[in-house]
Amino acid sequence: SKETGRDAITVFDTSMRERIERRVEIERTLRTAIERGEIGVAYQPVVSWPDGRVLGVEALARWTKGTERVAPTEFIDVAEESGLIIPLGAFVLDEALRQVAWMRANIPSAKDMYASVNVSPRQLQSDDFADIVAETLHRHHLPGGALFLEITESVMMGDTLAAASAMTALTSLDVRLSVDDFGTGFSSLSYLKRFPVDVVKIDRSFVSGLAHDESDASLVAAIIKMANALGLATIAEGVETHEQARRLIELGCTKMQGYLFSAPVPMGELVETVQAIGG
Ligand code: C2E
Ligand code: CA
Ligand code: CA
Ligand code: CA
């Protein structure tokens, strides 16, 4: 009836307006969140398995707003669209490199450890991105080899010229590149060949079905074979069970991340976490 139709519209309008208001609120408060010290970084070990060596740590932005935690999936999108990803990304890079410089200097088993930092398309396409990276490495007295940058497939599809020249500048600093969430976007072999990528990160959505879903298992097997054929390493994301880890090793992927080893932890828990994994 007319009545229900109007109600449906009202409900739709309300939730739509709430979503928009939430976005506006996030953008407004994100502007000052860094200065207020509300943004932090959590670290998730990248583990060589089954030997348990911690190869590096992925830096993941965290936002605690009063008592509320805002999910990265929510604020990263807003940051990307508003351009705030530029200062936010520079902050995460600086924090991550400070942390890794400290670990390298103070923990014997971490002397070659790297930081892996997520980079959004907007950052990679900004003119001075490679300069900021070089300057931040320099500030922390770190070689380029101490840093991986994680890019998504969309970067390689977008403004490929700007992205390609940034990637070339970064690789000349010895910074390595990983393709994040591999298999979820518009993956193409030609991108992997065309860009100076070192690592393919196998998305969690394929890893989760590995032990019971045959099509996931063949997909993962295909990604690993393809990466190897191109001379690229693989890291499996979202490994939660020993069974998944075992299957990955069988398929030739011995680098992994996931709750099986550790969730992302705050800086203050990282040393203990790394030592617990390494045995
Ligand atoms: P991502 O780069 O794919 O990061 C992996 C996500 O999976 C993280 O979520 C991590 O907490 C979660 N995770 C790790 N292991 C497991 C597991 O075993 N099981 C499950 N279910 N989840 C696991 P998080 O921290 O919420 O980050 C979400 C996304 O936000 C990231 O996905 C990344 O795309 C983006 N992000 C986070 N920090 C940054 C940043 O500093 N810069 C940029 N550009 N993006 C960021
Ligand atoms: Ca990532
Ligand atoms: Ca990922
Ligand atoms: Ca993701």
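Some observations on this one:
For (1) among the hydroxyl-bearing types (S, T, Y); (2) over 19 Å from the mean Cα position of the chain (by Cα); (3) open to solvent by 10 Å² or more (accessible area, probe 1.4 Å), each residue gets a yes or a no:
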site: R98; (1), (2), (3): no, no, yes
site: N106; (1), (2), (3): no, yes, yes
site: M113; (1), (2), (3): no, no, no
site: Q125; (1), (2), (3): no, no, yes
site: L142; (1), (2), (3): no, yes, yes
site: L149; (1), (2), (3): no, no, no
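- Selection of first residues in the stretch 69-98 that are within 16 Å of ligand 3 (Cβ to nearest atom) and of second residues that are among the charged types (D, E, K, R) and open to solvent by 10 Å² or more (accessible area, probe 1.4 Å), restricted to Cβ pairs under 7 Å at least 6 apart or on distinct chains, gives the following pairs, ordered by first then second residue: E80/R122.
- The set of residues in the stretch 114-136 being among the hydroxyl-bearing types (S, T, Y), within 16 Å of ligand 4 (Cβ to nearest atom) and in a strand (DSSP E or B) consists of S116 alone.
- Only a single criterion out of (1) under 24 Å from M103 (Cα atoms); (2) within 16 Å of ligand 4 (Cβ to nearest atom); (3) surrounded by 13 or more Cβ atoms within 10 Å (Cβ to Cβ) is not satisfied by Y259, namely (3).
- Residue check for A211: open to solvent by less than 10 Å² (accessible area, probe 1.4 Å) and not β-branched (V, I, T): no
- Of all residues in the stretch 49-68, those satisfying the criterion of being open to solvent by 10 Å² or more (accessible area, probe 1.4 Å), more than 10 Å from ligand 1 (Cβ to nearest atom) and out of contact with any Asp or Glu (no Cβ under 9 Å at 6 or more places or on another chain) are W49, P50, D51, R53, V54, T67, E68.
- Those residues of the stretch 218-254 which are within 16 Å of ligand 2 (Cβ to nearest atom), surrounded by 20 or more Cβ atoms within 10 Å (Cβ to Cβ) and not hydrophobic (A, V, I, L, M, F, W, C), in sequence order: T234, E237
- Test for L161: is it farther than 20 Å from T254 by Cα, touching a Lys or Arg at 6+ places or on another chain (Cβ under 9 Å) and either open to solvent by less than 10 Å² (accessible area, probe 1.4 Å) or at pLDDT below 95 (or both): no
- When restricted to residues that are closer than 14 Å to A59 by Cβ and hydroxyl-bearing (S, T, Y), the stretch 105-157 contains 4.
- Verdict on E269 being over 22 Å from the mean Cα position of the chain (by Cα) and among the acidic types (D, E): no
- Test: R194 is open to solvent by 50 Å² or more (accessible area, probe 1.4 Å), among the basic types (K, R) and either within 16 Å of ligand 1 (Cβ to nearest atom) or without any contact (Cβ under 8 Å) to a residue 12 or more places away in the chain (or both): no
The values are calculated or read from the model by the stated rules, or taken from the named source; none is laboratory data. Bear in mind that the values here come from a model prediction, so they are computed numbers and not experimental data. FYI the Cβ positions are ideal-geometry reconstructions off the backbone, even for glycines, and counts take in every protein chain you see. For the accessible areas, the whole protein counts, side chains as well, though only heavy atoms, and no ligand, DNA or RNA atoms are used. Shrake-Rupley method; radii C 1.70, N 1.55, O 1.52, S 1.80 Å.
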